[in-house]
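Here the structure is laid out as structure tokens; the discussion comes afterwards.
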Amino acid sequence: MKLIITIITLFLLSVNLQAQVQTDQYQYKIDLLNIENDKVSVSFTPPKNKLKSATFVMPKLVPGYYDAMNFGQHISELKAFDKTGKEIGVAKQDVNTWKIADLEHTVKISYQVEDGWEYLVQNTGGAKSPTSMFKKDSVSIINYNALVGYFQELPKTGYTVTIKKNPDFYASSALPFDHKNDTTDVATAVDYRRLVDAPVMYCKPDTTWLKVGDTKVLVSFYSAAPEKYSKVLADKISSILENQRAYLGGKLPVKDYAFLIYHESIPHNGLMGDGLEHSNSTVCLYGSKNLDRLPQALMRVASHEFFHVLTPLNVHSEEIQEFNFLNPVLSQHFWLYEGMTEYATLHMPVKQHMINLDEFVKSINEKIDGMKKFDDTLSMTLMSKQAIERQDQYMNIYQKGALIGLCLDIRLRELSNGKSGTQDLILALAKKYGPERAFKDDTLFDTITKMTHPEIREFFSKYVEKGNPLPLKESLQKAGLDYDETTATVTIAKSPSKKQVAFRKMWID
Ligand SMILES: [Zn+2]
């Protein structure tokens, strides 16, 4: 009897020792094979360090989604162990942080993670795209920010993440995966931000690859509906991306991109959707009765999300580059990241002759209509800085933000005799900065002014820094579009002057 116990102890010890080898990385393990009570087991070996103690952090929020989501709330049973398997003291400090008393002797930390949403319809407030969702036998959507954390003292360390998964499942993601065997994948990332930037969808594969110029695009689709559908969606996405490529002067600024599209059937005729952009991928969540409405809905979303490869990916401030997941300082330039992105999705289709002038005017009117629900006197830069507290006003960034883009485009074209607008400006900014070089938040308006025209500084000061209503009437009138301020609607002028027609041509033809 004694002998058996000794053998078991030795066996346990060797297992523990195996998990103990510390490298210069966080070595994570996520087990999607043994999901119990809707909870996933996660564990990691801390990177080599010289710390006596440390604070383990789960994010309060993530880039692109400025509501405080407190991912720590889904974590339970967080425990730390030494090399003999003995527990080390852990003190929960608040919803997102845990103090590890003796990091020096900690070789393993383990915890359970509950998923953040289950079904698009039944969840309060709908699906939350930055959280994760696991269904053992059909699909898992992994946003690492919901499963993986970091030590506050070691924020810049790399990650190796080993994932145990169903042998039939395929991992769709922008980060490269090493397929060790049927049930084991390994993902790596140079730091936490890059890891969080590359979500994964695990399911039986329904994938289509596209080549758009030099860019490889993966369209990966999951639905409980029996049809394979990635090809249908990929055809739509392909036409959008080809037009975006032309709009951006023939070259897309990324080498690889992935669309991870999840669909579930809902009992009514509505269409629900949620999405979150990343540097090289987008997660799109949809609910609809059947698949028919999906391609059309996806086109608009795909267009917006893909334009994010320009900004923030290639044009962003230090606040984005050095994003603090626990206590983020937000940038004042959401008018740029979201507003200009949304404007490009309005401008590109008309410029590329995918839609006509009537349809373009209709989309402007929708934005004007959308803007009515919000405070038109609120400074957009201030609202950006306070986005977490001003969730009531935040969605205006997609309405007024897009119209700031429109007025800025018209003003730039006016000052350059039609030669260049926002299309050129964003490309010039992307060239100047790029993915690894951030601008200083406070200097962007002056920088753009230097790159364009002295008069542009006044535009930013009046309409972005201060909360003045936009000069829609005088801007649109230059292109022969009438704006009726009492009804807040835009119509095409009955008999535009030659000058107006010429301006319109430079702007949208
Ligand atoms: Zn966006």
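The values are calculated or read from the model by the stated rules, or taken from the named source; none is laboratory data. Only a predicted model underlies this, so the values are computations on that prediction, with no experimental measurement involved. No Cβ is skipped: glycine too gets one built from the backbone with ideal geometry, and neighbour counts run over all protein chains shown. Heads up: the accessible areas ignore ligands, DNA and RNA and are worked out on the full protein's heavy atoms, side chains in. Shrake-Rupley method; radii C 1.70, N 1.55, O 1.52, S 1.80 Å.
With a cap of 10 neighbouring Cβ atoms within 10 Å, and only residues DSSP puts in a loop, list the trypsin sites (Lys or Arg not before Pro) found in the range 119-217. Within the range 119-217, the qualifying trypsin sites (Lys or Arg not before Pro) (loop, at most 10 other Cβ atoms within 10 Å) are LYS156.
In this simple spin-label approximation, LYS83 and ALA225 carry label points 7 Å from Cα along the Cα→Cβ vector, and these lie 5.6 nm apart. In the chain, the DSSP-assigned H stretches of four residues or longer account for a calculated mean residue ellipticity at 222 nm of -9000 deg cm²/dmol, using -39500 (n - 2.57) per stretch and the full residue count as denominator.
At most 13 other Cβ atoms within 10 Å and a DSSP loop assignment: could you name the trypsin sites (Lys or Arg not before Pro) in the range 20-65 that fit? Before the final figure, lay out the partial values.
Working: sites: LYS29, LYS39, LYS48, LYS50, LYS52, LYS60; in loops: LYS48, LYS50, LYS52, LYS60.
For trypsin sites (Lys or Arg not before Pro) across the range 20-65 that sit outside H, G, I, E and B with at most 13 neighbouring Cβ atoms in 10 Å, the list reads LYS48, LYS50, LYS52.
Can you tell me the length gained on complete extension of the stretch SER53 to HIS353, counting 0.36 nm per residue apart and subtracting the Cα distance? Display every interim value, and only then the final one.
Working: separation 300, 0.36 × 300 = 108.00 nm, distance 6.05 nm.
Full extension of this stretch gives 101.9 nm more.
Taking Cα atoms only, the orientation of helix 230-247 departs from the longest principal axis of the chain by about 50 degrees.
Dipole magnitude of the range 21-203 about its Cα centre, charges +1 at Lys/Arg Cβ and -1 at Asp/Glu Cβ only, in debye to the nearest 20? Walk me through the numbers before you get to the answer.
Values: 21 positive and 22 negative charges, 99 e Å.
That gives the range 21-203 a dipole magnitude of about 480 debye.
Could you work out the relative contact order of the range 21-203? I mean the mean sequence separation of Cα pairs under 8 Å and 6+ apart, divided by the number of residues, in percent. About 24 percent, as a whole number.
Can you give the local net charge around ASP82? Use residues other than it whose beta-carbon is closer than 12 angstrom to its beta-carbon, Lys and Arg +1, Asp and Glu -1.
Details: positive: LYS79, LYS83, LYS86, LYS108; negative: GLU87, ASP102, GLU104.
Overall, the nearby charge balance is +1.
Measure off, as a whole percent, the carbon and sulfur share of the 1.4 Å-probe accessible area of the chain, all protein chains present. Ligands and nucleic acids excluded, carbon and sulfur reach 52 percent.
For the chain, which span is the longest to avoid every loop-located (per DSSP) member of GluC sites (Glu not before Pro) having at most 11 other Cβ atoms inside 10 Å?
Numbers: sites that count: GLU227, GLU436, GLU485.
Answer - 1-226.
Could you work out the relative contact order of the chain, using alpha carbon pairs under 8 angstrom and six or more residues apart, expressed as a whole percent? The value is 11 percent.
Going through the cross-link list LYS400/LYS478; LYS29/LYS236; LYS236/LYS431; LYS351/LYS473, which pairs have a Cα-Cα distance over 27 Å in this structure? Write out the running numbers ahead of the final one.
Values: LYS400/LYS478 20 Å; LYS29/LYS236 37 Å; LYS236/LYS431 29 Å; LYS351/LYS473 21 Å.
Correct reply: LYS29/LYS236; LYS236/LYS431.
Solvent-accessible surface of the chain, taken per residue with a 1.4 Å probe and all protein chains present: 44 Å².
Of all alpha-carbon pairs in the range 120-219, indicate the percentage at a distance above 16 angstrom. For the range 120-219, the share of Cα pairs beyond 16 Å comes to 63 percent.
For the range 21-96, taking the reciprocal of the average inverse distance between every pair of different Cα atoms yields a Kirkwood hydrodynamic radius of 14.7 Å.
So what is the diffusion coefficient of the range 207-300 in µm² per second by Stokes-Einstein at 4 °C and 1.567 mPa s, using a Kirkwood Rh over Cα pairs?
Values: Rh = 13.7 Å.
Estimated diffusion coefficient is 94 µm²/s.
Evaluated at q = 0.11 Å⁻¹, the base-10 log of the normalised Debye intensity for the chain, with identical point scatterers placed on the Cα atoms, takes the values -0.97. Just want the answer: with Cβ charges of +1 for Lys and Arg and -1 for Asp and Glu, which residue in SER288, VAL254, PRO226 is farthest toward the dipole's positive end in the range 207-300? It is VAL254. Here is the list for the range 451-509: trypsin sites (Lys or Arg not before Pro) lying in DSSP coil, each with at most 12 other C-beta atoms within 10 angstrom of its C-beta, are LYS494. Put a dot 7 Å past the Cα of GLU114, heading toward its Cβ, do the same for ASN327, and the two dots end up 2.8 nm apart. What the Cβ-Cβ distance of ASP509 and ASN468 gives, at R0 = 35 Å and to the nearest 0.05, is a FRET efficiency of 0.75.
How large is the Kirkwood hydrodynamic radius of the range 251-360, counting all unique pairs of alpha carbons, in Å?
Numbers: mean 1/r = 0.0636 Å⁻¹.
Every distinct Cα pair counted, the radius reaches 15.7 Å.
Out of the DSSP beta bridges found with both residues in the range 235-313, what percent are antiparallel (nearest 5)? Working shown, then result.
Values: 7 of 15 bridges.
Antiparallel bridges make up about 45 percent of those DSSP assigns within the range 235-313.
For the chain, the share of DSSP beta bridges that are antiparallel, to the nearest 5, is 75%.
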